[in-house]
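Beneath this line is the structure, given in structure tokens, with notes to follow.
The values are calculated or read from the model by the stated rules, or taken from the named source; none is laboratory data. Quick caveat, the model's predicted, so the values are computed rather than measured. Every residue, glycine among them, receives a Cβ derived from its backbone with ideal geometry; neighbour counts consider all protein chains shown.
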Amino acid sequence: MENKVNFKNFWYIACQSKELSKDKPIARTILDEWIVLFRDSDGNPVAFQDRCVHRNYQLSKGAVKDGCLRCPYHGWTFDKEGSVVNIPAEGPNQKKLSTRSAQKYECIEQDDFIFVRLENNPEMETKPYSMPHYKESGYKTVRLFNIFKNNVTNCAENYVDVPHTVFVHDEIFRVSRQEKVEATCKRINGSVEIDYRNETNNLGWFSWFLNPKGGEIVHKDFFHMPNVTSVEYIFSPGREFHITSQTVPVDDTTSWVYTDLTFKFGAWNFLAAPIVKYQGQSVIDQDIVVLENQMKVIEKYGTDFSNSKADIVHVFIESIREEIEKGADPRLLKNREQEFEFWV
Ligand code: FES
Ligand SMILES: [Fe+2]
């Protein structure tokens with residue numbers, strides 16, 4: 001059997017750990033697949049297709065009893081492997097349980113998220129992306145969740161799109177000053193890495209505490225296949241700000257996005273958390289509006305982009321995602337590196 005690479009070979013966040021209790025299953029959709037999640041008797045997360053093999057009722061409407069999932073229609077009960085362990089209509093001496101079992105998916109709990117992989121492709125070794133510096137000492141994380149009416153490609157591109165910030169996030173994040181920024185964009189091993197130079201203090205409202213001394217800012221953005229972006233600011237001395245987003249494909253026009261704002265502001269950490277949360281959410285709210293509009297136009301007229309120099313970032317990201325669409329491993333793409341400059 002041929003193992004063509006496809007988007008199902010990757011791990012996606014299904015929910016946050018705290019959303020999955022011991023006694024209630026929850027429903028999620030990833031890549032158009034309906035999924036039910038619950039916890040087994042050890043508290044480990046389990047994921048099945050959200051469909052009872054008996055008469056096609058949604059298992060997510062059922063209940064968890066002793067770590068097993070019970071369908072609410074006729075009470076068929078499934079253990080953590082997906083095997084049928086009880087058919088109430090068969091009475092007390094059940095000899096012949098159904099040999100059919102629920103379609104099970106791999107499930108991992110990491111960084112207080114529950115990840116699901118729909119298809120294990122031995123030729124495409126993948127693991128859940130680990131959130132940078134999550135729960136490391138000295139770092140604090142504010143976790144945000146948002147729903148975008150757009151696909152993963154456009155969402156991810158937006159999070160690492162610097163030129164839009166002075167328009168969409170005018171004042172909050174950056175102010176347009178028409179200053180030149182130089183950068184290097186690399187495509188390597190299924191990732192895109194952008195290294196920005198001569199970044200100034202133009203971070204709007206954030207500048208006063210992020211970079212009070214006005215020293216050099218190290219700013220790097222990353223895209224990791226197929227759906228992760230990570231923005232990294234390092235300020236001297238020892239202050240850091242990481243914005244990491246994992247964008248989950250729900251269907252062709254909907255993405256669920258988990259964003260960690262992780263920072264190391266020393267003594268300011270505690271005070272900064274609510275401010276970072278408020279400002280971060282305000283920025284995301286603006287992007288949600290833009291991305292919904294973009295999708296509306298794409299649905300009407302199709303995707304036909306024109307690129308400027310700074311859009312090399314998007315071109316590289318698209319080349320990686322297109323490779324997966326074609327059934328190929330993007331890590332085998334030729335490494336590329338390009339210098340570019342733009343004004344913000
Ligand atoms: S449909 Fe699930 S038990 Fe009948
Ligand atoms: Fe934005």
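Restrict the check to the range 38-54 and report whether at least one residue is near ligand 1 (Cβ under 10 Å from one of its atoms), farther than 26 Å from SER17 by Cβ and at pLDDT 95 or above. Yes: the range 38-54 contains one or more residues that are near ligand 1 (Cβ under 10 Å from one of its atoms), farther than 26 Å from SER17 by Cβ and at pLDDT 95 or above.
In the range 174-184, the condition of being at pLDDT 95 or above, buried (at least 16 other Cβ atoms within 10 Å of the Cβ) and under 24 Å from TRP11 (Cβ atoms) is met by no residue. Looking only at the range 84-95, filter to residues that are assigned to a strand (DSSP E or B) and within 11 Å of ligand 1 (Cβ to nearest atom); which one of those is farthest from ALA14 (Cα to Cα)? Among those residues, the one meeting the criterion is ASN86.
Remark: LYS65 matches the filter, which requires a residue to be at pLDDT 95 or above and more than 16 Å from ligand 2 (Cβ to nearest atom).
Can you pull out every residue in the range 304-344 that is among the acidic types (Asp, Glu) and within 27 Å of LYS8 (Cα to Cα)?
If we filter the range 304-344 for residues that are among the acidic types (Asp, Glu), which is where we start, we get 304, 311, 318, 322-323, 325, 329, 337, 339, 341.
Across the range 304-344, the qualifying residues are ASP304, GLU318, GLU322, GLU323, GLU325, ASP329.
Does the range 122-154 hold any residues that are among the charged types (D, E, K, R) and modelled with pLDDT of 95 or more, and which are they? The answer is LYS127, LYS135, GLU136, LYS140, ARG143, LYS149. Taking GLU81, is it part of a strand (DSSP E or B), in the same structural domain as GLU33 (by TED's automatic domain parsing), under 16 Å from ASP40 (Cβ atoms) and out of contact with any Phe, Trp or Tyr (no Cβ under 6 Å at 6 or more places or on another chain)? Against the criterion (part of a strand (DSSP E or B), in the same structural domain as GLU33 (by TED's automatic domain parsing), under 16 Å from ASP40 (Cβ atoms) and out of contact with any Phe, Trp or Tyr (no Cβ under 6 Å at 6 or more places or on another chain)), GLU81 does not qualify. When MET131 is tested against the conditions (1) away from ligand 1 (no atom under 16 Å from the Cβ); (2) outside the structural domain of ILE324 (by TED's automatic domain parsing); (3) surrounded by fewer than 20 Cβ atoms within 10 Å (Cβ to Cβ), the lone failure is (3).
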